[in-house]
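The values are calculated or read from the model by the stated rules, or taken from the named source; none is laboratory data. Note that the structure is a prediction, hence the values are computed from the model and not measured. Virtual Cβ from ideal backbone geometry, glycine too; neighbours counted across all protein chains shown. Just the protein is used for accessible areas: all its heavy atoms, side chains included, with ligands, DNA and RNA removed. Shrake-Rupley method; radii C 1.70, N 1.55, O 1.52, S 1.80 Å.
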Amino acid sequence: GKRRRKTVYGRTRRGVAEAITKLVRDQQQQIPISTPERLTVRTYLTNWLEGRRSSVRPSTMDSYGAYVTHHLIPELGRTRLTKLTPGDVERFMSAMLAGGSSPRSVNHARAVLRKALNDAVRSGVLARNAAALAQGPRVPSVERPVLSPQDARRFIEGVRSNHEGALFVLTLACGLRMGEVTGLRWEDLDLRGETLRVRQALQRGSGEWRLVETKSRASRRTLALPDVAISALQEHRQGQLRERLGAEELWGNDWDLVFTTATGDPLNPSSLTRRFRALLKQIGLPDMRFHDLRHSCASLLIAQGVHARVIMEQLGHSQISLTMNTYGHVVAEVQREAAGQMDALLEAESSTR
């Protein structure tokens with residue numbers, strides 16, 4: 001709490017003014033004012049994390065904190081920040097892999113370090129970003145399972161009587177992310193106008209639930225509701241009204257969420273995923289992640305010949321390249337079917353001549 005004085009020197013007024021500006025900027029970003037040569041990775045990352053707390057989403061903050069606390073600081077914390085090399089970062093990643101972490105997790109840890117060091121480069125503490133220069137492990141591509149049209153119909157029929165049945169149907173029909181569907185409010189739905197507005201997402205961070213902004217600007221979107229989703233939502237609303245009457249003063253739901261527990265509390269993602277997988281097993285469908293409902297939505301749209309631009313907007317992707325890269329294998333299958341249809345058409349034309 002004591003006032004600290006810091007003296008700067010320069011050959012010119014301009015040099016002194018630039019040095020003062022840098023000190024102020026570093027202090028605002030909560031970068032220690034101590035000599036950069038003596039600054040350790042541990043001290044820098046600890047201060048960097050604290051500086052990000054007010055500018056990132058709770059779940060992002062939790063993710064940053066986990067990688068910094070459990071991986072980056074234990075392996076790299078004692079290293080002087082200015083002495084950190086790409087080789088140090090690559091040895092750190094090798095240690096993570098040897099400890100049983102997946103290549104994807106290792107690359108996530110490297111991404112957090114790269115982001116933190118980018119801020120150090122911008123503030124003038126570092127001349128280069130060692131994490132950006134390091135070579136990360138190759139992440140093997142995994143083709144995620146999706147529901148075929150036949151399986152999708154079985155799924156919708158199988159979840160119809162489930163407490164979260166409408167949530168599962170809506171996720172599959174509209175391709176919503178888990179946070180988007182669990183953070184949906186009744187005011188975001190227009191069942192008469194057959195539209196749904198994605199405006200926020202539900203997240204849990206630091207032990208409390210929050211409604212936060214969507215993942216990106218493109219994620220804020222208005223979607224047309226298919227009849228199967230409207231029917232499920234209408235039935236769900238009646239069920240929620242009955243639960244509210246039964247819970248009486250125990251009822252929560254201050255945000256007027258569409259999907260809650262029987263007492264109006266937000267749905268826990270882990271519990272929701274467990275119930276989803278249990279339902280798949282009960283229905284007799286292959287195991288998959290909850291997020292694969294979103295992939296299934298995109299695959300079903302592609303199989304119906306819907307334009308990639310429309311699918312991009314449906315999913316809330318910021319770039320069409322992201323949509324095409326994610327679902328390129330499905331597009332290839334549709335193209336093969338189209339080629340077969342073209343063969344059948346041209347052969348039929350030639351046989352009539």
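Pairs linking a residue in the range 211-231 that is under 16 Å from GLY175 (Cβ atoms) and of a type in the set (Gly, Ala, Ser) to a residue that is part of a loop (DSSP other than H, G, I, E, B) and modelled with pLDDT under 90, with Cβ atoms under 7 Å and 6 or more positions apart or on different chains, are SER216/SER318; ALA218/GLY316; ALA218/HIS317; ALA218/SER318; SER219/GLY316. Listed by first and then second residue, the pairs with beta-carbon distance under 7 Å, at least 6 apart or on different chains, first residue in the range 245-263 and within 11 Å of LEU184 (Cβ to Cβ), second open to solvent by 60 Å² or more (accessible area, probe 1.4 Å), are ASP256/GLU187. None of ARG78, ARG91 is in contact with a strand residue (DSSP E or B) (Cβ under 8 Å, 6 or more places away or on another chain) and exposed (fewer than 15 other Cβ atoms within 10 Å of the Cβ) except ARG78. Only a single criterion out of (1) open to solvent by 20 Å² or more (accessible area, probe 1.4 Å); (2) hydrophobic (A, V, I, L, M, F, W, C); (3) touching a Ser or Thr at 6+ places or on another chain (Cβ under 6 Å) is not satisfied by LEU191, namely (3).
Counting only helices (runs of 4 or more DSSP H) that sit completely within the range 115-196, those holding 1 or more residues that are over 20 Å from GLN314 (Cα atoms), among the acidic types (Asp, Glu) and over 23 Å from the mean Cα position of the chain (by Cα) correspond to 149-159. Taking helices (runs of 4 or more DSSP H) as the structural unit, those lying wholly within the range 10-75 and holding at least 1 residues that are open to solvent by less than 30 Å² (accessible area, probe 1.4 Å) and either at pLDDT 80 or above or in contact with a Lys or Arg (Cβ under 9 Å, 6 or more places away or on another chain) (or both) correspond to 41-52, 58-67. State whether one or more residues within the range 132-143 are buried (at least 18 other Cβ atoms within 10 Å of the Cβ) and within 28 Å of THR214 (Cα to Cα). No, the conditions are met nowhere in the range 132-143. Of all residues in the range 197-206, which are within 21 Å of ASP227 (Cα to Cα) and either of a type in the set (A, V, I, L, M, F, W, C) or within 15 Å of the chain's Cα centre (by Cα) (or both)? Correct list: VAL198 only. When we screen GLU243, GLU248, GLU235 for residues that are touching a strand residue (DSSP E or B) at 6+ places or on another chain (Cβ under 9 Å), part of a helix (DSSP H, G or I) and open to solvent by 40 Å² or more (accessible area, probe 1.4 Å), the only hit is GLU243. Residue under question is THR222, and the condition is that it be of a type in the set (Val, Ile, Thr) and assigned to a loop (DSSP other than H, G, I, E, B); does it hold? No.
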